[in-house]
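Scroll down for the structure; my scribbles are underneath it.
The values are calculated or read from the model by the stated rules, or taken from the named source; none is laboratory data. Nothing here was measured: the structure is a model prediction, and the numbers come from that model. Cβ sites come from the backbone with ideal geometry, for glycine too, and all protein chains shown count toward neighbours. When the accessible area is computed, the model is the full protein with side chains, heavy atoms only, and any ligands, DNA or RNA have been set aside. Shrake-Rupley method; radii C 1.70, N 1.55, O 1.52, S 1.80 Å.
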Amino acid sequence: MSVTQLMENARSVYAARFGVAPVWLAVAPGRVNLIGEHTDYNGGFVFPMAIERYTVIAAGPRRDASGKALLYSEIFDESGEFSLAEKDAPSAEVSWRSYVGGTVACALEKGLRPEPFQGAILSDVPLGGGLSSSASLEVAVATLVEAASGRTIDPVEKALLCQKAEHEYAFMPCGIMDQFISAMGEEGHAMLLDCRSLRRQSVPLDNPDVVVLVINSNVKHTLSGSEYPQRRSDCARAAQILGVELLRDADTAALEGARSRIAAEPDGERIYRRARHFLTEEERTARFADALRRGDYPAAGREMYDGHRSLKEDYEVTCPETDLLIDLAARLGLENGVYGARMTGGGFGGSTVTLADREKAPAAAQRISAQYEEQTGIKPSWFVTRPAAGAHLIEE
């Protein structure tokens, strides 16, 4: 579905639900991360791009005396009311309302004072696929609150308030990447983001013959809850041994020089491999950005394959299903329009990203999908995207 069609559907749902036409359309995209995975909490670089999948909220002023915001989610067929006078407290049960209510509450804390509004939320960002449907929703809500307040805030501040909402209301200690790219994505460009300084660079990915193929494995493995904290702890311990505040301040030479000291630690081999992933991923991300600037897509693709291998062997966050998707893409190779591929997102399932030739991408996707389903019994879903624009408001 195109964003134009999604917006038209949102207008129709709003009109059917509230009996009037909407005044605003708030639009915010999902995202993929092309390279730079599990680097954000070490102060490193990430390389996301906004995708052509969006959350759209059709909305307008609310004319009753409630003094609250009323939002309807088409996906869940549920409505929620949210205070505009004071911050709602977080609910112990996390749902779509947590992301909406948290964003509204954090916007109030930021000094936005919206008039009561009502809206209908539609989205074609896949849920649970690692494509940041939550940040897309948060940024769309924040964009709508700006409209209902009659003022805007700096987009960096908007991204930060959406991140805070996810921390405090959805209890997810996410990094800043998802909200940044959803709020500030640039059409035809990916974003090289320094997670420590929050400085960002736009890197062209505007060759009309090159696209990104996103394949959702449609699996998400159940985790014990210790996987991410353990990896963060391992990285923090490695930094401590290396005498730096963050692994960002070390390099692979320093890591190799300290290998015997790390090996003397309990779980030293695991700590070493976690640190090696981060430090080599930083190097890969820089080389990937340079390759895109040169238009050397085979070189960029090699960095993607190497990054996936590191995520599999050193960071251990891939799974058999995403590994299979990467193997199938690699077997197709350059002659079938595939430059490179890797998992995207936190891991243990979710989606992969493949840099591909535009004309050959659909056939490649169909071949990968057919072989994946044959070997796993799971039907994947896929779409082709180019770098999309970030959040924006359309006034009707």
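Annotations for the structure displayed:
- Counted residues, the range 142-156 - those being assigned to a helix (DSSP H, G or I) and farther than 25 Å from Ala58 by Cβ: 1
- Hits in the range 215-242 - residues which are in contact with a strand residue (DSSP E or B) (Cβ under 7 Å, 6 or more places away or on another chain) and open to solvent by less than 70 Å² (accessible area, probe 1.4 Å): Ile215, Asn216, Ser217, Val219
- Just one of the numbered conditions (1) in a loop (DSSP other than H, G, I, E, B); (2) of a type outside the set (Gly, Ala, Ser); (3) modelled with pLDDT under 95 is not true of His167: (1).
- Any chance Gly67 is open to solvent by less than 70 Å² (accessible area, probe 1.4 Å) and modelled with pLDDT of 95 or more: no
- Hey, Ser182 in contact with a strand residue (DSSP E or B) (Cβ under 6 Å, 6 or more places away or on another chain) and in a strand (DSSP E or B) or not: no
- Among all residues of the range 178-197, there is at least one that is without any contact (Cβ under 8 Å) to a residue 60 or more places away in the chain and either open to solvent by 60 Å² or more (accessible area, probe 1.4 Å) or farther than 22 Å from Leu137 by Cβ (or both).
- Screening Glu265, Glu245 for residues that are assigned to a loop (DSSP other than H, G, I, E, B), open to solvent by less than 70 Å² (accessible area, probe 1.4 Å) and either touching a Phe, Trp or Tyr at 6+ places or on another chain (Cβ under 6 Å) or farther than 19 Å from Gly345 by Cβ (or both) leaves exactly one candidate, Glu265.
- Tabulated pairs, the range 208-226, first under 20 Å from Leu325 (Cα atoms) and in contact (Cβ under 8 Å) with a residue 12 or more places away in the chain, second of a type outside the set (Lys, Arg) and open to solvent by 80 Å² or more (accessible area, probe 1.4 Å), C-beta under 8 angstrom, 6+ apart or interchain: Leu213/Trp382; Val214/Trp382; Ile215/Trp382; Asn216/Trp382
- Flag for Val3 being in contact with a strand residue (DSSP E or B) (Cβ under 8 Å, 6 or more places away or on another chain) and either at pLDDT 95 or above or charged (D, E, K, R) (or both): no
- Ala59 vs. criteria closer than 30 Å to Thr285 by Cα and either assigned to a strand (DSSP E or B) or in contact with a Phe, Trp or Tyr (Cβ under 6 Å, 6 or more places away or on another chain) (or both): no
Residue-by-condition table, conditions (1) buried (at least 24 other Cβ atoms within 10 Å of the Cβ); (2) modelled with pLDDT of 95 or more; (3) over 17 Å from Phe82 (Cβ atoms); (4) in contact with a Ser or Thr (Cβ under 8 Å, 6 or more places away or on another chain):
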| site | (1), (2), (3), (4) |
| --- | --- |
| Pro114 | no, yes, no, yes |
| Ser123 | no, yes, yes, yes |
| Ala142 | yes, yes, no, yes |
| Ile153 | no, yes, yes, no |
| Leu160 | no, yes, yes, no |
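- Contact map, the range 59-77: first residue in contact (Cβ under 8 Å) with a residue 40 or more places away in the chain and under 15 Å from Val23 (Cβ atoms), second residue open to solvent by 80 Å² or more (accessible area, probe 1.4 Å) and outside any loop (DSSP other than H, G, I, E, B), Cβ cut-off under 6 Å, separation 6 or more or different chains; pairs are Leu70/Glu81.
- Any hit, the range 92-103, residues being farther than 22 Å from Ile176 by Cα and open to solvent by 10 Å² or more (accessible area, probe 1.4 Å): yes
- Selection within the range 194-232 - part of a strand (DSSP E or B), of a type in the set (A, V, I, L, M, F, W, C) and over 21 Å from Gln179 (Cβ atoms): Val210, Val211, Leu213, Ile215, Val219
- Lone qualifier among Phe348, Phe383 - being open to solvent by 10 Å² or more (accessible area, probe 1.4 Å), of a type in the set (A, V, I, L, M, F, W, C) and within 17 Å of Gly307 (Cβ to Cβ): Phe348
- As a summary of the residue check, Val317 satisfies the conditions (1) in contact (Cβ under 8 Å) with a residue 60 or more places away in the chain; (2) of a type in the set (Val, Ile, Thr); (3) in a helix (DSSP H, G or I) except for the one numbered (3).
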